[in-house]
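Every number in this text was worked out from the coordinates using simple rules, so none of it is lab data. Predicted model only: the values in this text are computed from it and were never measured. Don't worry about glycine lacking a Cβ; one is built from the backbone with ideal geometry, like all the others, and counts go over all protein chains shown.
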Amino acid sequence: MSLTKNNKQATKRNRYSVLSSFYNFIINTSLPALTNPCNSAVIKKIFKRPQAIQWQIVDKEVVDEIIFRTMNIRNRLMLELMARGGMRIGEVLNLRPCDIQERNLTIQNPKSGRPGEVVYVPRKLLVRLTGYVKDNDIELNDRIFPISYVAAWSMVKKAGKLVKIELRPHDLRRHAATYASRSGTPIEIVSKVILRHADLSTTQRYLGKVNDTEAIRWIETLYG
């Protein structure tokens, strides 16, 4: 307990796992009579890994309808950047005109800690984003969408209500990954290009569980 005091739950579980493995190694190699203290019922319960969350995956038809029914140009662009480019809401809010390149967007100070990252979005979206910047006379180093995080969250929730669903910003990012994967995009591209994850296992947690309707549709497409 002292080894994990004041740590986040994920760190606590990792340290517990390492300590348990250490005791198992000692038992298997030199002290077979030793009891692993990490195997007690109480300790196991304290450091139990929570059940994996099954994220909501929004279908392409629903996302398309949300975007189509969003009349505000600014809001529509923000929704498309998340749904088509897999961008995080914070990345969208921090975009500046100087980040717009000919075929992609540059993310300054990304969550990964790397010096910079590149986001690829459809060409027509880049054109409309550039037009929005020009029409609103946004300076090169000013934020394109100068609203708060809370306001952006509220906008996404209201967009979801247009089609009567509970929608969160990260649902759009998960949609981008899942739709790309279902369309045959290699998992490495989904992971490294769309989501910009360092680890493939992180990407796999993003991808939605295949339901019966989707499974039947894919089988019919392949063999019907």
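Between amide H atoms placed 1.01 Å from N, distances below 5 Å from R196 occur with no residue 5 or more places distant or on a separate chain. I107's amide H: which non-local residues (gap 5+, or another chain) put their own amide H closer than 5 Å, with H modeled 1.01 Å from N in plane and none for Pro or chain starts? HN-HN under 5 Å from I107: E117, V118, V119. Scalar couplings 3J(HN,Hα) for the stretch 87-96, obtained by applying the Karplus form with A = 6.51, B = -1.76, C = 1.60 to θ = phi - 60°, are 7, 6, 4, x, 5, 5, 5, 8, 5, 10 Hz; x denotes Gly and Pro. Relative to the Cα centre, the charge distribution of the chain, modelled as +1 at Lys and Arg Cβ and -1 at Asp and Glu Cβ, gives a dipole magnitude of about 840 debye.
Taking K and R as +1 and D and E as -1, what net charge do the other residues with C-beta under 11 Å from the C-beta of E117 add up to?
In short, +3.
Quick one: angle between helix 169-182 and the longest Cα principal axis of the chain, in degrees between 0 and 90, rounded to 10, please. Helix 169-182 and the main axis of the chain meet at about 90 degrees.
Computed from phi, the 3J(HN,Hα) profile of the stretch 109-121 under the Karplus parametrisation 6.51, -1.76, 1.60 (θ = phi - 60°) reads 6, x, 4, 5, x, 6, x, x, 9, 10, 10, 9, 10 Hz, with x in place of Gly and Pro. The label-point distance for K158 and S21, in a model that sets each label 7 Å from Cα toward Cβ, rounds to 4.9 nm. Across all Cα atoms of the stretch 60-217, the radius of gyration (one decimal) and Dmax (whole number) stand at 15.6, 50 Å. Approximating the spin labels as points 7 Å out from Cα along Cα→Cβ, the K124-to-Y149 distance works out to 3.4 nm. Here the 3J(HN,Hα) profile of the stretch 62-74, calculated from phi with Karplus coefficients 6.51, -1.76 and 1.60 at θ = phi - 60°, is 5, 4, 4, 5, 4, 5, 4, 8, 8, 7, 5, 4, 4 Hz, Gly and Pro shown as x.
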